[in-house]
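*Asks:* Okay, handing you the structure first.
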Amino acid sequence: MKRILIVEDEPTIAIGLQDDLELEGFHAEVVSDGTTAVARALEGGYDLILLDVMLPGKDGFTVCREIQRAGLRTPIIMLTARGQEADKVTGLGLGADDYVTKPFSPRELVARIQAVLRRASEAAPAKVFEFGEVEIDFTRLEASRKGERVDLTATEFKLLRAFVEHRGRVLSIPQLLDLVWGKEMFLTDRVVYTHVNNLRGKIEEDPSRPRFIVSVRGAGYRFDG
Ligand code: CA
């Protein structure tokens with residue numbers, strides 16, 4: 001499911017947008033100010049950001065600039081008022097992928113989102129996935145954290161891919177055994193614990209208090225990237 005971050009300070013608009021997008025099968029989250037928007041965007045895991053221009057504190061232009069300066073390549077659609085703001089988006093060379101002028105219809109917005117997502121996936125043939133300060137290229141099997149290369153084993157890549165492909169959902173130990181080790185026999189649950197711990201040691205800031213690969217008591221693990 002594609003994840004969209006909505007940055008909008010007017011609650012009625014924000015909730016309306018969230019409803020519209022979830023009806024279209026997106027997972028949508030709302031933040032209402034620029035500082036939180038930058039922080040959340042940099043945590044990664046979003047496929048697209050809908051960014052209002054007029055926000056308390058940091059405005060949408062600043063948010064857009066800061067996100068891009070940090071090297072995040074998540075597509076951005078700016079929500080602008082009629083007139084000047086739209087001119088500014090195109091004129092400033094901000095690098096927003098598109099802009100939609102208020103008021104807009106849900107149908108129009110969804111069409112624009114789908115077009116931007118399509119372009120983004122065509123433009124990025126390498127399947128690079130980012131969360132926090134970790135970047136994983138599942139095509140080249142390369143990983144880095146804070147810009148430094150991290151050596152993952154082939155099994156760790158498979159495990160991480162299983163998590164990424166099921167992010168936000170709990171995976172049980174038997175499911176993980178099936179997804180990562182397939183039909184190999186005579187494996188115990190221990191093999192999962194060991195690999196999860198090794199992986200945490202490589203990608204988590206504090207492996208003893210994991211933020212991405214979270215234990216769900218009695219159920220398994222959930223990836224929150
Ligand atoms: Ca606003």
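*Asks:* Given 12, 101, which one is without any contact (Cβ under 8 Å) to a residue 24 or more places away in the chain, farther than 30 Å from residue 147 by Cβ, more than 12 Å from the ligand (Cβ to nearest atom) and of a type in the set (Val, Ile, Thr)? Step through it out loud before you land on a result.
*Replies:* Values: 12 fails: more than 12 Å from the ligand (Cβ to nearest atom).
Only one candidate qualifies: 101.
*Asks:* Any chance the stretch 61-74 includes a residue that's over 18 Å from the mean Cα position of the chain (by Cα), touching a residue at least 24 places away in the same chain (Cβ under 8 Å) and surrounded by 19 or more Cβ atoms within 10 Å (Cβ to Cβ)?
*Replies:* Yes, there is a match, as at least one residue in the stretch 61-74 is over 18 Å from the mean Cα position of the chain (by Cα), touching a residue at least 24 places away in the same chain (Cβ under 8 Å) and surrounded by 19 or more Cβ atoms within 10 Å (Cβ to Cβ).
*Asks:* Among the residues of the stretch 188-209, is there at least one that is aromatic (Phe, Trp, Tyr), over 28 Å from residue 149 (Cα atoms) and in the same structural domain as residue 149 (by TED's automatic domain parsing)? Don't jump to the end; show me each part of the working.
*Replies:* The first filter runs over the stretch 188-209 and keeps only residues aromatic (Phe, Trp, Tyr), leaving 193.
Among the residues that remain, those that are also over 28 Å from residue 149 (Cα atoms) are: none.
There is no residue in the stretch 188-209 that is aromatic (Phe, Trp, Tyr), over 28 Å from residue 149 (Cα atoms) and in the same structural domain as residue 149 (by TED's automatic domain parsing).
*Asks:* For the stretch 58-74, give me each residue that is of a type in the set (Asp, Glu) and part of a helix (DSSP H, G or I). Steps first, answer last, please.
*Replies:* Residues of the stretch 58-74 of a type in the set (Asp, Glu): 59, 66.
Hit for the stretch 58-74 is 66, nothing else.
*Asks:* Suppose the filter is in a loop (DSSP other than H, G, I, E, B), open to solvent by 70 Å² or more (accessible area, probe 1.4 Å) and modelled with pLDDT of 80 or more; does residue 103 pass it?
*Replies:* Details: in a loop (DSSP other than H, G, I, E, B): yes; open to solvent by 70 Å² or more (accessible area, probe 1.4 Å): yes; modelled with pLDDT of 80 or more: yes.
Yes.
*Asks:* Now a separate question. Taking into account only those residues within the stretch 39-60 that are open to solvent by 10 Å² or more (accessible area, probe 1.4 Å) and more than 18 Å from residue 225 (Cβ to Cβ), which is nearest to the ligand (Cβ to nearest atom)?
*Replies:* 54
*Asks:* Does residue 77 satisfy the condition of being outside the structural domain of residue 161 (by TED's automatic domain parsing), part of a strand (DSSP E or B), touching a Lys or Arg at 6+ places or on another chain (Cβ under 8 Å) and open to solvent by less than 60 Å² (accessible area, probe 1.4 Å)? Even if it seems obvious, please write down each step before you answer.
*Replies:* On the way: outside the structural domain of residue 161 (by TED's automatic domain parsing): yes; part of a strand (DSSP E or B): yes; touching a Lys or Arg at 6+ places or on another chain (Cβ under 8 Å): yes; open to solvent by less than 60 Å² (accessible area, probe 1.4 Å): yes.
For residue 77, the condition - outside the structural domain of residue 161 (by TED's automatic domain parsing), part of a strand (DSSP E or B), touching a Lys or Arg at 6+ places or on another chain (Cβ under 8 Å) and open to solvent by less than 60 Å² (accessible area, probe 1.4 Å) - is met.
*Asks:* Sort through 5, 17 and tell me the only one that's outside any helix (DSSP H, G or I) and surrounded by 19 or more Cβ atoms within 10 Å (Cβ to Cβ). Can you show your working first?
*Replies:* Numbers: 17 fails: outside any helix (DSSP H, G or I).
So the residue among 5, 17 that is outside any helix (DSSP H, G or I) and surrounded by 19 or more Cβ atoms within 10 Å (Cβ to Cβ) is 5.
The values are calculated or read from the model by the stated rules, or taken from the named source; none is laboratory data. None of these values were measured; they are calculated from a predicted model. Note that each Cβ is placed from the backbone with ideal geometry, even for glycine, and that neighbours are counted across all protein chains shown. Please note that ligands, DNA and RNA were not included when accessible areas were found on the heavy atoms of the full protein model with its side chains. Shrake-Rupley method; radii C 1.70, N 1.55, O 1.52, S 1.80 Å.
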